[in-house]
Amino acid sequence: MEEYVMRKRILFFGSVVTALMFLIASTGPAMAKTLRFQSIWPASIQLNKGDKYFTDLVDVLCEDEVNIDYNDGGSLVSTSEVFDAVSQGMLDMATDWPSYWDGKNTAFSLITSVPMGFTPADYMIWYWQGGGLELAQELYGKYDIVWIPHAVTGPESGQRSNKAIKSLEDYKGVKMRQCGRVQAKMLEDVGGSAVFMPGGEVYMAIQRGTIDAGEFSVPEVDWYMGFQEITDYWVLPGWHQPGPVWGVLINQKTWDNLSDMSKFKFKEAAMASMMWTWTYFEYGSSEYTNKFVEEGVEINRLEDEVLNKLQDVAWEYMIQDAKKNPDFAKIAFSQLNFFKKMSTWREIQQPFMYGRTPPGLDEALEQVKKIAQDHGVYEEVLQLQEDVRARMKEQKFWTPGTKYVANPVPVD
């Protein structure tokens, strides 16, 4: 009898130990949430390096809670579908080029590069210190999406052409692959013809003579797309997109189900990734610029007088869009007010400065300020800038969907 009782006890304790071992295993990394993610870039486009850096970093920082299932651009849904796929929960996460959603709301064009607008440094300061992140959250939040900027390159290369372009008149009759609604309008205003097509189609279109010129990204990316093989001229500077930013789309419910610590880590990973992509591609731009020159590509740099004319046209389109859309006016006013705040510091620090004060800023700012007042968003923008700055001085940390809090990382 005692032997029977002993066997029962051994079996019982064995079952308990097995159950405990299973419980311990199930609460470890193996039970981390798998989040389905799609890059906006196919494997053939070098810009995917920024997306991979971010997702790898999140996997390391959030290993106990999150595992990101990375998929190349186009492998699950098309580029044009990623916004709705994340909004509706078909994808947990994706990356995006915000101006692609201009048709949903013209304010999205301001979230990334606009003609003659913010440089990379402007965007990074505005997003992380000047209220830009909060304004972007408000805009994307209308579509059940949390958005965090995680990547930026230096100014885009410019335009690659088989016709020398040194003046606005030289654009006449040129059929060019040009991304962006306003950029396309500006090209057409000077007599060119804008054609939009995916980046992967530009090489064949130029080679076959379907278009005369094209633009895509920074020198490294353009080199691997083969532009040195099919174009003779390089038109600079990249006035059409001087501060290219892209970001991470996260489904709102997916975000809500993350812990506050993971949300904090996502945001910190995005900041680190943004710095990494900028430094990586900016350093590479020197190397690949030299490669283009060595291949015999001729550089055509537009004169400052030409750029000033383009700036005037860019202001006109910004004011038009601000009048039509309160969301656009709100973000545009915040950005122009940022330019104004920075202007004196930038002037007295030249030539050792990283940004510029655009010509015609004062007049454009006054017009957009009046439009923002008419839309009832003027005071809100100013208050937001004050609040963000105060919180930054207190070294408080913010993540989308949560309040500003003290550093959530435990300190011994």
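The values are calculated or read from the model by the stated rules, or taken from the named source; none is laboratory data. Computed from a prediction, not measured in an experiment: that's the story for all the values here. Positions of Cβ are backbone-derived with ideal geometry, glycine not excepted, and every protein chain shown enters the neighbour counts.
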Query raised in the report: Any idea which of (1) surrounded by fewer than 24 Cβ atoms within 10 Å (Cβ to Cβ); (2) in contact (Cβ under 8 Å) with a residue 12 or more places away in the chain; (3) over 14 Å from the mean Cα position of the chain (by Cα) is the one residue 97 doesn't satisfy?
Result: (3)
Report task. Among the strands (runs of 3 or more DSSP E) lying completely within the range 183-281, list those that include at least 1 residues that are more than 20 Å from the chain's Cα centre (by Cα) and β-branched (Val, Ile, Thr). Result -> 193-195, 233-236
Query raised in the report: Quick one: in the range 120-166, which of the residues that are surrounded by fewer than 23 Cβ atoms within 10 Å (Cβ to Cβ) and among the polar types (S, T, N, Q) is nearest to residue 288 (Cα to Cα)?
Result: 162
Report task. Please indicate, with yes or no, whether at least one residue in the range 331-349 is in contact with an Asp or Glu (Cβ under 9 Å, 6 or more places away or on another chain), under 27 Å from residue 304 (Cβ atoms) and assigned to a loop (DSSP other than H, G, I, E, B). Result -> no
Query raised in the report: Quick one: which helices (runs of 4 or more DSSP H) sit completely within the range 50-154 and have at least 2 residues that are touching a helix residue (DSSP H, G or I) at 6+ places or on another chain (Cβ under 7 Å) and modelled with pLDDT of 95 or more?
Result: 108-111, 120-129, 132-141
Query raised in the report: Pairs, please: C-beta under 6 Å, at least 6 apart or cross-chain, first residue in contact (Cβ under 8 Å) with a residue 60 or more places away in the chain and in the range 53-70, second part of a loop (DSSP other than H, G, I, E, B) and crowded, with 23+ Cβ neighbours inside 10 Å?
Result: none
Report task. Note down all Cβ pairs under 6 Å where the first residue falls in the range 103-119 and is buried (at least 23 other Cβ atoms within 10 Å of the Cβ), the second is β-branched (Val, Ile, Thr) and not in a helix (DSSP H, G or I), and they're at least six residues apart or on different chains. Result -> 112/245
Query raised in the report: So which of 73, 50, 117, 130 is within 16 Å of the chain's Cα centre (by Cα) and within 30 Å of residue 390 (Cβ to Cβ)?
Result: 117
Query raised in the report: Of all residues in the range 351-373, how many are part of a loop (DSSP other than H, G, I, E, B) and under 25 Å from the mean Cα position of the chain (by Cα)?
Result: 6
Query raised in the report: residue 203 fails exactly one of the following numbered conditions: (1) under 19 Å from residue 300 (Cβ atoms); (2) touching a Gly at 6+ places or on another chain (Cβ under 7 Å). What is the number of that condition?
Result: (1)
